[in-house]
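Undergrad: Quick one: the structure is below, questions incoming.
The values are calculated or read from the model by the stated rules, or taken from the named source; none is laboratory data. A quick note: this is a predicted structure, and the numbers were derived from the prediction, not measured. Virtual Cβ from ideal backbone geometry, glycine too; neighbours counted across all protein chains shown. When the accessible area is computed, the model is the full protein with side chains, heavy atoms only, and any ligands, DNA or RNA have been set aside. Shrake-Rupley method; radii C 1.70, N 1.55, O 1.52, S 1.80 Å.
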Amino acid sequence: MTISTTKKLLGVTVAAGVVFALAGCGQAPTDKPAGSGEPVASDFLPCLVSDAGGWNDKSFNQSAKEGMDSAAEELDIKPLEFESANDNDYAPNLETAVSEGCSLIVSVGFKLSAATVESALANPDIDYAIIDDWADNDFDGNVDAPNIKPLVFDTAQAAYLGGYAAASWSAQSGVNKVGTFGGMQIPSVAVFMDGYQLGVEKYNEDKSASVEVFGWDEATQKGSFTGGFDANDTAKQTAQGVLDQGVDVILPVGGPVYQSAAAAIADSGKDTLMLGVDSDLAVADPSVAGITLVSIMKAIDVAVKDATMAAAKGEFDPAPYVGTLENEGVKLSGFGEFESKLPEGLTDELKTLQEQIISGDIKVESPNSPTSK
């Protein structure tokens with residue numbers, strides 16, 4: 001377990017190139033200072049607890065930390081940030097956060113759900129938020145503690161655009177095969193894979209194409225998973241199993257597992273590209289910019305910052321936030337160095353699709369979407 005204090009603003013990355021607007025249920029995130037000119041309690045102490053991926057995962061933990069650090073910089077305070085080394089650290093880190101006097105505790109990820117609910121129920125005067133989970137462990141459709149704010153994302157909408165782009169790229173190359181694999185089979189992972197496949201199917205429908213998807217079947221909810229979120233031999237073998245199907249675009253979903261996909265691509269010696277998740281991967285990790293076509297992003301940083309700023313003003317609202325294309329909670333990044341190599345008309349097609357999703361003319365229906373709850 002690592003505890004750190006910081007006022008350093010890591011910076012919220014803005015994707016270059018074609019960036020597609022995000023959206024959702026609940027109040028939309030905003031980059032405007034929520035607390036400008038507003039009084040903040042002198043004893044306000046925001047805290048953040050990571051999952052086992054750690055702060056340098058180039059994904060959701062890092063994005064959450066960037067959001068917390070941005071709020072802390074604006075408020076001129078020092079947050080406490082607890083980095084979990086493994087699953088056994090979750091409950092102790094939450095206990096320490098409580099004992100240190102944290103006013104707001106933000107948990108990063110599904111795996112902290114049970115420990116977060118237990119802590120919130122035992123400490124009703126503390127505000128809590130949790131990323132990528134409804135904190136509904138009895139599955140009755142309600143958040144299990146009244147002082148927990150779920151920060152969830154309808155990632156299928158942005159993944160739909162990513163799948164369409166991947167299919168277009170693969171069709172242009174003549175391969176007509178794309179793939180995906182995930183870490184753990186949980187809703188916040190599978191929702192990417194659902195949207196990705198649906199986007200490929202849309203491309204096939206629009207272009208009378210026949211791009212195949214390997215590694216996931218949205219109808220049966222079966223596919224390729226590593227069983228965790230570590231970049232290890234298992235993850236590399238899982239990636240290799242999908243690459244062996246002949247795909248030339250692959251979507252690894254699960255934080256650091258992208259590193260294993262990149263290693264498998266390097267070993268193959270082929271020109272396979274991958275998609276990033278959560279953050280703009282080409283920016284977060286320049287070492288893979290040369291093989292990252294585009295990223296399916298979630299505004300975790302903005303959601304964490306907004307929740308922190310609201311709590312600092314005494315305006316914490318436990319109503320769930322759902323990020324969508326409309327409220328800019330999810331989006332597609334720019335295409336980086338591949339911008340000039342894209343199939344003709346693709347960016348315009350993606351903009352049109354986004355508009356149709358926002359208007360409701362296209363409904364991206366995933367059983368793993370937070371809106372299906």
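Undergrad: Counting just the Cα atoms, what span does the chain cover along each of its three principal axes? Round to the nearest Å and put the largest first.
TA: That gives 61, 42, 40 Å along the principal axes, largest extent first.
Undergrad: Using alpha carbons only, how many angstrom separate the centre of the range 72-94 from the centre of the range 198-267?
TA: Each part's Cα centre sits 32 Å from the other's.
Undergrad: Rounded to the nearest 10 degrees, what's the angle between the helix 60-75 long axis and the longest principal axis of the chain, both from Cα atoms, 0 to 90?
TA: Once rounded, one gets 40 degrees.
Undergrad: Another one. Can you run the Rg to Rh ratio on the range 43-134? Use alpha carbon positions and the Kirkwood inverse-distance Rh.
TA: Taking Rg over the Kirkwood Rh, I get 0.93.
Undergrad: Moving to a separate point now. State, to one decimal in nm, how far the label point of ASP76 lies from the label point of SER372, with both points 7 Å from Cα in the Cβ direction.
TA: It works out to 4.8 nm between the two label points.
Undergrad: Karplus couplings for the range 153-159 from phi (6.51 cos²θ - 1.76 cosθ + 1.60, θ = phi - 60°), rounded to Hz, Gly and Pro as x?
TA: Computed from phi, the couplings for the range 153-159 are 9, 7, 5, 4, 5, 6, 5 Hz.
Undergrad: Let me ask something else. How much length is gained if the chain between THR220 and ASP348 is pulled fully straight, taking 0.36 nm per residue apart and subtracting their Cα-Cα distance, in nm to one decimal?
TA: Additional length available on full extension: 42.9 nm.
Undergrad: Follow-up. Output the peptides 178-184, 298-304, 87-93 sorted from most to least packed, where packing is the average of other Cβ atoms within 10 Å over each peptide's residues.
TA: With the highest mean Cβ count within 10 Å placed first, the list reads 298-304, 178-184, 87-93.
Undergrad: May I pose another question? Have a look at GLY182, ALA310, ALA299 and report the one farthest towards the positive end of the charge dipole of the chain, computed about the Cα centre with Cβ charges (Lys/Arg +1, Asp/Glu -1).
TA: Going by the charge dipole, the pick is GLY182.
Undergrad: Kindly write out, for the range 232-246 in residue order, the coupling ³J(HN,Hα) from the Karplus curve 6.51 cos²θ - 1.76 cosθ + 1.60 (θ = phi - 60°), rounded to whole Hz, with x marking Gly and Pro.
TA: Couplings: 9, 4, 4, 5, 5, 5, 5, 4, 4, x, 6, 4, 5, 7, x Hz.
Undergrad: Another question, if that's okay. Against the longest alpha carbon principal axis of the chain, how many degrees, from 0 to 90 and to the nearest 10, is the axis of helix 346-359 turned?
TA: 50 degrees
Undergrad: What GluC sites (Glu not before Pro) in the range 340-373 are in a loop by DSSP, with at most 15 other Cβ atoms within 10 Å of the Cβ?
TA: Numbers: sites: GLU344, GLU349, GLU355, GLU365; in loops: GLU344, GLU365.
Qualifying residues, ordered by number: GLU344, GLU365.
Undergrad: Quickly work out the ASP244-to-LEU121 label distance, labels modelled 7 Å from Cα along the C-beta direction, and quote it in nm with one decimal.
TA: 4.5 nm
Undergrad: Treating only the Cβ of Lys, Arg, Asp and Glu as charged (+1, +1, -1, -1), what charge dipole size does the chain show about its Cα centre? Round to the nearest 20 debye. Present the calculation step by step, with values, prior to reporting the outcome.
TA: Details: 22 positive and 56 negative charges, 121 e Å.
My answer is approximately 580 debye.
Undergrad: Please identify every one of the GluC sites (Glu not before Pro) in the range 61-126 that sits in a loop by DSSP and has no more than 16 other beta carbons within 10 Å of its own beta carbon. Spell out each step's value before the answer.
TA: On the way: sites: GLU66, GLU73, GLU74, GLU81, GLU83, GLU95, GLU100, GLU118; in loops: GLU100.
Those that pass, being in a loop and sparsely packed, are GLU100.
Undergrad: I've got another one for you. Give the percent of DSSP beta bridges with both residues in the chain that are antiparallel, rounded to the nearest 5.
TA: So the antiparallel bridges in the chain amount to around 25 percent.
Undergrad: Multiply the residue gap between ALA263 and SER287 by 0.36 nm, knock off their C-alpha separation, and tell me the result in nm, one decimal place.
TA: 7.5 nm
Undergrad: For the chain, with every protein chain kept in place, what is the accessible area per residue (1.4 Å probe, Å²)?
TA: Roughly 39 Å² per residue, with all protein chains present.
Undergrad: Considering only DSSP states other than H, G, I, E and B, which chymotrypsin sites (Phe, Trp or Tyr not before Pro) in the range 93-164 qualify as loop sites with at most 14 other Cβ atoms within 10 Å?
TA: PHE139
Undergrad: Further question: Rounded to the nearest 10 degrees, what's the angle between the helix 187-207 long axis and the longest principal axis of the chain, both from Cα atoms, 0 to 90?
TA: Around 30 degrees separate the two axes.
Undergrad: If you don't mind, another one. What is the magnitude of the charge dipole of the range 53-207 about its Cα centre, with +1 placed on the Cβ of each Lys and Arg, -1 on the Cβ of each Asp and Glu, and no other charges, expressed in debye to the nearest 20?
TA: About 820 debye.
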